[in-house]
Amino acid sequence: MTTGREHDQLYAWSLHELQALAVSVDPAVIEVIRRNQPTSKLGDKEAVIIEVGRELFGTHKLRTDSYARALGILGKTNLVDVVSLMADYAGVCATLTAFNQQMPPGFKQFLPLPFTPPGDFHPDSRNRLPLLPPAPYNPAVLYARPMTPEGTGPGQIRRHGGGLKSLQASVARRDIDLAILVSARERDSQYDWAMNELEAGKDGLEPSVIAAVWDRKPTEGLTEKDASLIEFGRELFSKHVVATTTYARVVKVFGERDLVDLVAVMGQHASEATMLAAFDQHLPAGQAHR
């Protein structure tokens with residue numbers, strides 16, 4: 001819930017609020033997260049989880065004293081698992097936001113948002129992608145309890161993609177590198193950036209485009225492909241909402257299938273950036289900072 005709140009993600013928040021109430025999470029804790037209130041009146045575990053999430057997603061780093069407190073309260077294994085869960089949901093939030101997933105019919109939206117959600121979504125899937133036929137019946141999940149209503153949610157959105165191999169066969173490697181660098185820059189992930197900048201250059205991503213991403217320069221003068229992807233990533237990660245015009249622009253260039261797969265790549269790197277920030281991953285010895 002902390003991750004959903006920090007990403008202004010209405011779908012993730014609202015469905016998990018219902019689940020949290022079902023497993024007896026104290027409503028007072030939920031309100032602290034929802035309203036961005038101080039954690040001083042909460043128990044140590046609840047408070048430290050919320051504070052770690054707020055700091056990680058708000059500043060893209062975790063202070064030494066914050067880490068020490070979380071480690072002392074949760075222990076190493078639990079802290080790694082909590083951050084890993086937050087990291088996974090950072091990627092989920094990216095998918096939901098990119099494709100403007102709205103609440104299913106009959107579900108209420110419980111999260112105060114700093115923006116009005118865009119209105120470009122299909123009435124059946126409640127997101128920017130058309131509703132797909134139900135997935136084939138799988139008896140292995142007969143007794144599983146799905147978290148998301150049929151036809152909505154991150155799993156349904158990902159079904160529109162072809163996967164990484166499809167993406168690599170469809171778009172240039174430098175385009176995938178650009179998506180990675182935009183994610184790394186918007187998450188202020190020095191490690192992720194450094195590990196991918198050199199390879200991006202080798203794959204043909206021009207120094208002027210790399211500089212535009214790093215320096216957060218205006219995208220005028222770049223190709224439509226590069227400009228639309230950069231603007232899309234900036235809105236996705238910094239504003240937590242992708243405007244209708246921005247989405248239309250980037251989907252016109254890449255198409256729905258490849259855009260779904262590009263967002264999966266961006267979401268994965270947003271997830272990894274969360275882990276790297278939480279545990280203060282430094283660059284390898286001798287590796288220069290940007």
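The values are calculated or read from the model by the stated rules, or taken from the named source; none is laboratory data. Given the structure is predicted, the values throughout are model-derived calculations rather than measurements. Here the Cβ is made from the backbone with ideal geometry for all residues, glycine too, and neighbour counts use every protein chain on show.
A few remarks follow.
- The range 20-75, residues that are part of a helix (DSSP H, G or I), of a type in the set (K, R) and over 21 Å from F110 (Cα atoms): K45, R69
- Flag if A270 is at pLDDT below 95 and within 20 Å of D188 (Cβ to Cβ): no
- Residue in the range 97-105 that is out of contact with any Gly (no Cβ under 6 Å at 6 or more places or on another chain), without any contact (Cβ under 8 Å) to a residue 60 or more places away in the chain and farther than 22 Å from G255 by Cβ present: yes
- Pairing residues of the range 239-260 that are farther than 14 Å from I157 by Cα with residues that are among the basic types (K, R) and assigned to a helix (DSSP H, G or I), at Cβ distances under 7 Å and at least 6 apart in sequence or on separate chains, gives V253/K225.
- Residues (of a type in the set (S, T, N, Q), in contact with a Ser or Thr (Cβ under 9 Å, 6 or more places away or on another chain) and closer than 24 Å to T246 by Cα) located in the range 82-108: N100, Q101, Q102
- In summary, K108 fulfils each of the numbered conditions (1) assigned to a helix (DSSP H, G or I); (2) surrounded by fewer than 16 Cβ atoms within 10 Å (Cβ to Cβ); (3) not hydroxyl-bearing (S, T, Y) with the single exception of condition (1).
- Counted residues, the range 1-35 - those being surrounded by fewer than 13 Cβ atoms within 10 Å (Cβ to Cβ) and within 20 Å of P117 (Cα to Cα): 1
- If you go through the range 32-46 and keep only what is more than 26 Å from H60 (Cβ to Cβ) and either under 24 Å from the mean Cα position of the chain (by Cα) or of a type in the set (A, V, I, L, M) (or both), you end up with nothing.
- F232 vs. criteria of a type in the set (A, V, I, L, M, F, W, C), touching a residue at least 40 places away in the same chain (Cβ under 8 Å) and over 16 Å from A184 (Cβ atoms): no
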